[in-house]
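What follows is a short report on a single structure.
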Amino acid sequence: MARTLTITTDGQVRINDWPGDGQLLDHLYAEIETDLVTTVPLPDGKTMWADDEALFKPDPQINTLGVKLLGTWGELVNYVYGTVVIDGGVTEEGESIPLTDEEAEALRARLAELALQPLPELVAPSWF
């Protein structure tokens, strides 16, 4: 089956069915509870979708599992806030694609291991 994976700020990880054609943004808006999303391309080709206005909310919450996942690829200059959704990335034509069942389960297992790790520290950007 085709999937997305949701990570909430309280550490819940949910595997979701892939929405129908033309329904991805509605799915993202509902899962992330926003009406404006941004992408975080991941080094493994997947895409993390996040709330583009999370820091403007009254009580922005760091997504610790999302941050820990991002930290596995190197140094971070910023944290990710709010609920995030991960899909399988994009095609050469720029179309979003789902995670496979195997990818979703592997990602869930990886996040379970990361839950026990400390939050990565931020580093100053090289241009700073």
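The values are calculated or read from the model by the stated rules, or taken from the named source; none is laboratory data. Being a predicted model, the structure only gives us computed values, none of them experimental. Surface areas here come from the heavy atoms of the whole protein model, side chains and all, with no ligands, DNA or RNA. Shrake-Rupley method; radii C 1.70, N 1.55, O 1.52, S 1.80 Å.
See the values below:
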item	result
Helical contribution to [θ] at 222 nm, DSSP H n ≥ 4, -39,500 (n - 2.57), averaged over the chain, rounded to 500	-7000 deg cm²/dmol
Sequence-distant residues sharing a close amide H with D52 (under 5 Å, placed H)	L36, V37, T38
Fraction of accessible area attributable to carbon and sulfur, the chain (%, probe 1.4 Å)	52
0 to 90° range, to nearest 10: angle between helix 101-114 axis and the chain longest Cα axis	20
Stretch gain in nm, segment D101-T39, where the contour uses 0.36 nm per residue and the Cα spacing is subtracted	20.2 nm
Accessible heavy-atom area order of Y79, Y29, highest first, probe of 1.4 Å	Y29, Y79
Relative contact order, percent, the chain [alpha-carbon distance under 8 Å, six or more residues apart]	30
Accessible area in square angstrom per residue, the chain, 1.4 angstrom probe	59
Residue-by-residue Karplus 3J(HN,Hα) for the range 22-39, coefficients 6.51, -1.76, 1.60, Hz, glycine and proline x	x, 10, 4, 4, 4, 4, 5, 4, 5, 5, 8, 6, 8, 10, 8, 10, 10, 9
